[in-house]
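The values are calculated or read from the model by the stated rules, or taken from the named source; none is laboratory data. Not measured: the values here are computed from a predicted model. Methodologically, a virtual Cβ is constructed for each residue, glycine included, from the backbone with ideal geometry; neighbour enumeration extends over all protein chains shown. Protein only, heavy atoms only, side chains kept; ligands, DNA and RNA dropped before computing areas. Shrake-Rupley method; radii C 1.70, N 1.55, O 1.52, S 1.80 Å.
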Amino acid sequence: MPNRTPSDHALSTWRTADCVCLDVDCTVTQGDGLDLLAMSMGCYDRISGLSDQAQDGSMNLSDTLEERLRIINCTPDDLRRFVETYPPESRMTKGIVNLIKVLQKRGVAVYLISGSFRELILPLAKYLGVPKENVYANRMAWQWDDDTGQPTRLVGFDPSQPTSSNGGKIRAISKIREDNPYNTVVMIG
């Protein structure tokens, strides 16, 4: 049976944290949002192996993201339907909403850091009361219709985001620390 009693050091760090960063997929939520989007688009079986390769490091993260998006090939309307079908409250890990509320009540800054996409994470952040400025995630890149001025076709993602390649969460935390005077930053997930 695993030891579930935290060390004194872990408790001290947790109590003095003035910033907590949370991974989103499988930490804040019960599963991977991009995988769930692929299921809703009927192409999960074609990306599931890529998801595994991204997790185990056998494929470069940016290449994996590009290929997963190419296969999913969603539209803005698909994303809206996804959020309606799988609203944030239905996807939360047990206890996470309360944890974030307690942290925020203590004055602890909460950030969401993910290798997934802002388009999938911003509805979660809104539900959790996490400011969109505190979300570090990739951005989908869209082709825009010249007549309507609306995004119409997914063409990839923005490689300039800190989370767009391997080691991205470390870069995101470095940016957070650079921009804020936090003494103790904790990353979960």
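Computed quantities for the displayed model
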read-out: Net lengthening on full extension, C26/A141 (0.36 nm per residue, minus Cα-Cα); value: 39.0 nm
read-out: Cα gyration tensor shape of region 127-189, rounded if a/c is under 1.5, else prolate or oblate by comparing a/b with b/c; value: prolate
read-out: From the coordinates shown, semi-axes √(5λ) of the Cα gyration tensor in Å corresponds to which of (i) 61, 21, 12; (ii) 30, 18, 17; (iii) 30, 22, 14; value: (ii)
read-out: Estimated 222 nm signal from helices in the chain, with DSSP H stretches of n ≥ 4 weighted -39500 (n - 2.57), rounded to 500; value: -13500 deg cm²/dmol
read-out: Ordering of 84-94, 109-119, 133-143 by packing [mean C-beta count within 10 Å, highest first]; value: 109-119, 133-143, 84-94
read-out: Share of carbon and sulfur in the accessible heavy-atom surface of region 1-53 [1.4 Å probe, %]; value: 51
read-out: Relative contact order for the chain, counting Cα pairs under 8 Å that sit 6 or more residues apart, in percent; value: 30
read-out: For region 55-145, the Rg and Dmax computed from alpha carbons only, in angstrom; value: 15.1, 46
read-out: Per residue, in Å², the accessible surface of region 76-189 once ligands and nucleic acids are set aside, probe 1.4 Å; value: 56
read-out: Exceeding the 20 Å Cα-Cα cut-off - candidates K132/K175; K105/K126; K101/K175; K94/K132; K101/K169; value: K101/K175; K94/K132; K101/K169
